[in-house]
Every structure is written in structure tokens, then in C-alpha cells.
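Beneath this line is the structure, given in C-alpha cells, with notes to follow.
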Amino acid sequence: MDGFHPLNVGRLWSGGEGLFPCTPLGVVRLLKHYGVDLKGKEVVVVGRSNIVGKPLAGLLLREDATVTLAHSKTQDLPALTRRAEILVVAVGRPHLVRRDWVRPGAMVVDVGVNRVEGRLLGDVHPRWPRWPPPSPPCLGAWGP
């Protein structure tokens, strides 16, 4: 079950029950597992795919998060990502997000999976700074 059937997509966006894509659902469950209250949080999702970005935006809206959906061609993407309290990156560009794109204290979830010369790389550069973690502990990057 992948949750991509038009009936499930419609149910996602209309607030109904249905089968939803597993990766976006996993991101929301991960945040909830760590006690993150999404209500009113400014969440930026970088990636507009039908597999992760769009369904994740819908699921986050269900949790009353304030969601901005961006992509690799968004003008001044670094300025937008710096606004995020929670940044989820699923754009398919290795190491696109760098340290100066993330505001201090933000939680970052890297969903990117990129194969480069036989290695798996995420969309977030691995050397972004670890600020004093918020409560709950900073999630760091999730993915390769």
C-alpha cells in the first residue's frame, strides 16, 4: 500500500481517513515520538513531489502546523529555510541545504536519498552545526 490512489489523496486533503504515503507519515510520527507539538509551528518542506513533499504538507496541516511548501527553484530558498522551526528536506539534491540555511534551534529532518559515486547522501550537508538542542532533543538528520 503506497497511499497514492486518488481516493486516498482526496481523503488526505479533505481531512478524511485513508491510507497515506509511508515516508510522510513516518516524518510526522517521528516528530510526535520526540514530543514535538506541531500546532502553530512554522514548518518548511523543501520538495514538492507527490511521494513526500505534497502529502507531508497535508499531514502537517492536519496537525495545525503552519506549512510552507518550497522546492529547488524557490527564489531565495536559504532565506525561506532560515524561517523554519522545523525544516524537512526531500528535494533529491545532495547536500543542497548548508549550515547557513538553518536557523539556530531548528529541527531538521533529511528525507533525501541520493546515490553519488556508490554512496548514499542526504539533501542536508552533514556538517551543519549542532546548536544547543531544543526540548525535545534535536533530531539532527534522518536518512543517509
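Bear in mind that the values in this text are calculations on the coordinates, not laboratory data. Since this is a predicted model, take the numbers as computed values, not measurements. Ideal geometry is used to build each Cβ from the backbone, glycine not excepted, and the neighbour counts take in all protein chains shown.
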Residue within region 57-65 that is surrounded by 19 or more Cβ atoms within 10 Å (Cβ to Cβ), of a type outside the set (Asp, Glu) and under 16 Å from Gly105 (Cα atoms) present: no
Every pair of residues 6+ apart whose Cβ atoms lie under 6 Å, when the first sits in region 9-25 and is not polar (S, T, N, Q) while the second is not in a helix (DSSP H, G or I): Arg11/Gly18; Leu12/Phe20; Leu19/Met1; Leu19/Gly3; Phe20/Gly3; Pro21/Gly3; Pro24/Val52
Checklist (1) within 10 Å of the chain's Cα centre (by Cα); (2) farther than 29 Å from His5 by Cβ applied to Gly47, failing item: (2)
